[in-house]
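This report concerns only the one structure given below.
Just so it is clear, none of the values below were taken in a lab; they were calculated from the coordinates. Keep in mind it's a predicted model, so treat the numbers as computed, not measured. Every residue, glycine as well, gets a Cβ built from its backbone with ideal geometry; the counts of neighbours run over all protein chains shown.
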Amino acid sequence: MSLPDARRDLIIAAIVGLILAISVGAGGALMLSSAEREALPELSAKVREGSDTVGQAVADQIRMALDYGIPLEGLYGVDTYFANVVSGVPTIDALALVDPDGDVLTSTAENVTGLAFPVITGGKLMANVILAPAPPLFGHTVGKLRLALAATAVVLGLVAACITLLVLRRNVSAGRARLRHLMLGVSRGVFPARTLPSGRGATVVALSGFDYRLAPLEASVRCLEDEVATVRAIDFDGSLSEKLDPILEPVAAARGVVETAGASVDRPGHRSFAGWLAVAALSVYAMSIPFVSNFAIDRQWEYVPVDWWPSLPWIAEGIAAIMASTLARTLPQQARPMAAFFGLLAAGLSFAAAYALRDYGLFLASRAVAGAGLGVTVSALFSGRSADSREPLLPVMMLLSLLVAGPVLGGLLGEAIGRRMAFLSAGILLIALGFTSLTVRWNTIGGHAGATAHGWNGAMAAAGAAFGAVSLVLVPSGPGYENYLAAGLLVAAGGAAATLALPLHPRWPVSLAAALAGMALLSWSGLSMSEPMPGAATALGMAVLGWGAGGLVRPHRATMTTLFLSTGAGIAAGAGSVSIAGAFALPPLAIAACLVLVLTLAGQVAVRRTTAVAA
Amino acid sequence: MSPAVRTIFALSVLTLVGITLSVLLINEALDRLRVRAVESNIDFILTELRDSVEASVSLGLLLPEIHVAQDLIERARLGNQEILAVEIFDPSGVSVYNTDRGSIGERVTDDWLEAIRLRDDSRRWRLEQLDTVVVGEEIRNDFGEPVGHLAVTLAGAAHGDGLVGAVATRFAVVAAAGVLIVALLSALMFHIATRDLRMVARQLYGQEPLGGPSAEPGTLAAAAVAMCAAIDETIVEVDLAAEKVRALDQDEEIAAEDVHEPA
């Protein structure tokens, strides 16, 4: 594919993404304004109703005291009573007691204005209770909602851009490049065997046009071949062949046009489809990132200390995924279709089961099964495959889907329909993808004999450890505990930075320094399991950490299976490190930072040793 | 179905999903806001009821002896339409006072006891069920020991008027418009992306003359011009070769006749 083609694809994909983002965003904004018109008056009425109840009750209390004969100025403990009421009712900002002349007798704040509730005894106005309603909660909620709608639009726009880019590159531009190559070949005298393009679309029509143009030449060549056959038939002594060859030599290339290429089984196409199917599965799987840890915390388990509640599911998932993936690599070629299908089916059913699970132990088991299902699927789809040798876009798309699209969509779904429904939806999607996997022509997908199959990569394990500790445990248990979208967005901030770092291939010391700096920044920002809301420093820390971790991942140096196994092991270790740090009252990321350092250095030593042996 | 049509269909579905997701987000957030507003209103009532019961407990009365509590919870229930039920139960979960008098003496559900067990350090606990929200508070004696619980059952999110229902027509219009806009514009973008392919296809099929101003070096059109010229040239060469071969054949036939005739 030529550079202008690639640039054109990127621009068109970006425009399509923008169109979809604007459409979804504008649609959401219109629906929000409509909903505000419908719902806010009712909400305001409810708040007003509550204020009325409280104001009236307080006025009644004052009236009762006056009825007992206590003078207004001699009421004891009114200020404490008012303070208790204000602190206990969030819809009230302040209370004041004023006499009929307007003089303030007691007040919880200065210059209290608002609703007045008269205190009347014996038909005479004795005082007024002034109640100042708190600023409505609507502003904050609507602001948060706008952010969620914007995130929906951006993420779906990104997904649309990726889909469009994929189709343009793999179909339109690849077809254009093939047609150009064929036409230039013919103009240089290289005549291809005729292929009969099948399907529909502009590319197929253009290739058919190419075939149509070759038809007259084919007719001429067939005529020539008939004549040649006749001559050869009467050439009993071979004397004619000697005369024939000089005549045929100048048109030898053109004679190939009557040969028809064999039935084309699109091997790279199917291998590529399997890769993209795995990306889709990982993306759906990643939708659970904002929920798993906080879902586990809410289930509670008396058999293990509190510190381990959020991390155990990820540890179980990581270990199960590694074991299942290792086992699945030994499966014979013919068993792959069913392995991928059952892997996705198991993962999907485990996700869906979370809808009904209330027990921690069962949830833990379901996550282990989900991890095992993912491990089997990834092994079946990727075994022996080099990470980016055939599809340079694949690792980038994988990071984008795993760390950006999946978590944000999961966070949005969690906010929209709740965690349990989000688990159920993701489960159904995984099962649907399982059935899609049956459409791949599996006998054409094989491990390549030359594929490097190192089982371990330290730097990737380090990246996994950082991701496991921060994105999978700390963020969903802290700022994302009750704000799934915040969790998804924070993970996406790191994921976007990692995706940017991936093609830049920064040197490993730079990546390591960035990862450690990111963790330090996150610790400084107060990221912990008890931090309620993320701040700008947390987001920046996530981005720096993501850039460092993304730089440590070198997909061109490993197979997909190595990538999966190493990061899986790192995730399990990283998740566990947060719990160990909690048990020893250490800063949450202290052990994770050490892990990242040690794993990266160990990985570098291993790489140097391997290079030395190879040399 | 061509890849472009399939992609446009996928993008349309994605738009529909996006707008639906937006509506669900809005519905959930505003419903939650409504429940929070109601809960805020209930806070005061709950605190007043608890204070009243605890005042009686401070006087040395046991929970079953505070008969005024039944009157208090019934008045609270009548005073607020959002309250579906009010109940006071002892630490073992047996209902002592209840606005549904038939339920007095029965045990509360296990979900309530679980919510009490899992509450944080505060006295307040909360439980969301399918269409109700239960907000409860612990009743303590002067020594801080729990002597029972007060629970108020409120209409939950599903009890609301249903925002989705109220804005359904607008949603249908917005979703249809969004899908249409995305489908049309993405079709236009694919049209632009494949313009050169379609043009060269027309040229190859002879529906348009070859070349033209678009046939700049490096373009498909230029490659098509070069290819067609090469094909025409090759056809001439092949036809010439065929004629020569035919001539060989004829020469051979003449030679054969010459050999046979003398015989």
Enter the per residue convex hull volume of the protein assembly as shown, computed from alpha-carbon coordinates, in Å³ rounded to the nearest integer.
228
Put one equal scatterer on each alpha carbon of the range B:1-107, apply the Debye formula with no solvent term, and list log10 I(q)/I(0) at q = 0.13, 0.21 1/Å to two decimals.
-0.63, -1.10
Starting from the amide H of A:Ala94, placed 1.01 Å from N in the peptide plane, find each other amide H under 5 Å away whose residue is 5 or more places distant or on another chain.
A:Ala132
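Take the Cβ-Cβ distance between B:Arg32 and A:Asp298 as r, set R0 to 22 Å, and report the resulting FRET efficiency rounded to the nearest 0.05.
Working: r = 17 Å, r/R0 = 0.78.
The pair B:Arg32/A:Asp298 has a calculated efficiency of 0.80.
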10 Å Cβ shell holding at most 14 others, DSSP loop, GluC sites (Glu not before Pro): longest site-free stretch of chain A:
A:303-481
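What's the longest uninterrupted piece of chain A once you rule out the chymotrypsin sites (Phe, Trp or Tyr not before Pro) that are loop residues per DSSP with at most 16 other Cβ within 10 Å?
Details: sites that count: A:Tyr68, A:Tyr76, A:Phe236, A:Tyr303, A:Tyr355, A:Trp456, A:Phe584.
That gives A:77-235 as the longest site-free run.
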Using modelled amide H (1.01 Å from N, peptide plane; none on Pro or chain starts), what sits under 5 Å from the amide H of B:Arg140, excluding residues fewer than 5 places away?
B:Val147
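Rank the residues A:Cys162, A:Cys594 as a footprinting-exposure proxy: fewest other Cβ atoms within 10 Å of their Cβ go first. Each step should come with its number before you reach the end.
Numbers: A:Cys162 20, A:Cys594 14.
Ranking A:Cys162, A:Cys594 by Cβ neighbours within 10 Å, fewest first, gives A:Cys594, A:Cys162.
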Just tell me which lysines come within less than 21 Å, Cα to Cα, of A:Lys243; anything on the same chain fewer than 8 places away is out.
B:Lys244
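What average count of beta carbons from other chains do you get within 10 Å of the Cβ of residues in A:248-254?
Across A:248-254, the average partner-chain Cβ count within 10 Å equals 4.
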Taking 25 Å as R0, compute the FRET efficiency from the Cβ-Cβ separation of A:Arg200 and A:Ala335 and round it to 0.05.
0.10
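For chain B, what does -39500 (n - 2.57) per DSSP helix run (n ≥ 4), summed and divided by total residues, give at 222 nm, in deg cm²/dmol to the nearest 500? List each step's numbers first, then the result.
On the way: 7 runs with 158 residues, N = 263.
Helices in chain B give a 222 nm mean residue ellipticity of -21000 deg cm²/dmol.
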Compute the distance in nm between two label points, each set 7 Å from the Cα along the Cα-to-Cβ direction, one at B:Asn141 and one at A:Ile22.
7.2
List the equivalent ellipsoid semi-axes of chain B in whole Å, largest first, each obtained as the square root of 5λ for an eigenvalue λ of the Cα gyration tensor.
92, 22, 14
Roughly what % of Cα-Cα distances in the range A:81-193 sit above 22 Å, to the whole percent?
66
Counting only other chains, what is the mean number of Cβ atoms within 10 angstrom of the Cβ of each residue in peptide A:5-15?
2
A chain fully extended from A:Asp245 to A:Val605 at 0.36 nm per residue, minus the present Cα-Cα distance, gains in nm 123.2 nm
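Please rank A:Val470, B:Val173, fewest neighbouring Cβ atoms within 10 Å first, as an exposure proxy.
Working: A:Val470 31, B:Val173 12.
Sorted ascending by nearby Cβ count, the order is B:Val173, A:Val470.
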Can you give me the span-like helices of chain B, meaning DSSP H runs with 15 Å or more of Cα extent along the axis and Kyte-Doolittle mean at or above 1.6?
B:168-193
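Which of A:Met421, A:Met460 comes first, and how do the rest follow, when ranked by fewest Cβ neighbours within 10 Å?
Starting with the residue having the fewest Cβ neighbours, the order is A:Met421, A:Met460.
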Using alpha-carbon coordinates alone, the radius of gyration and Dmax of the range A:462-533 in Å work out to 12.5, 38
When we measure straight from the Cα of A:Lys144, which lysines land under 30 angstrom away, once same-chain ones fewer than 8 places off are left out?
A:Lys46
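Within chain B, what's the longest run with no chymotrypsin sites (Phe, Trp or Tyr not before Pro) in a DSSP loop and at most 16 other beta-carbon atoms within 10 Å? Give the range, please. If you can, show how the numbers build up before the last one.
Values: sites that count: B:Phe143, B:Tyr205.
Longest stretch, sites excluded: B:1-142.
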Taking the Cα-to-Cβ direction at A:Thr121 and at A:Asp226 and moving 7 Å from each Cα, how far apart do the two end points lie in nm?
12.3
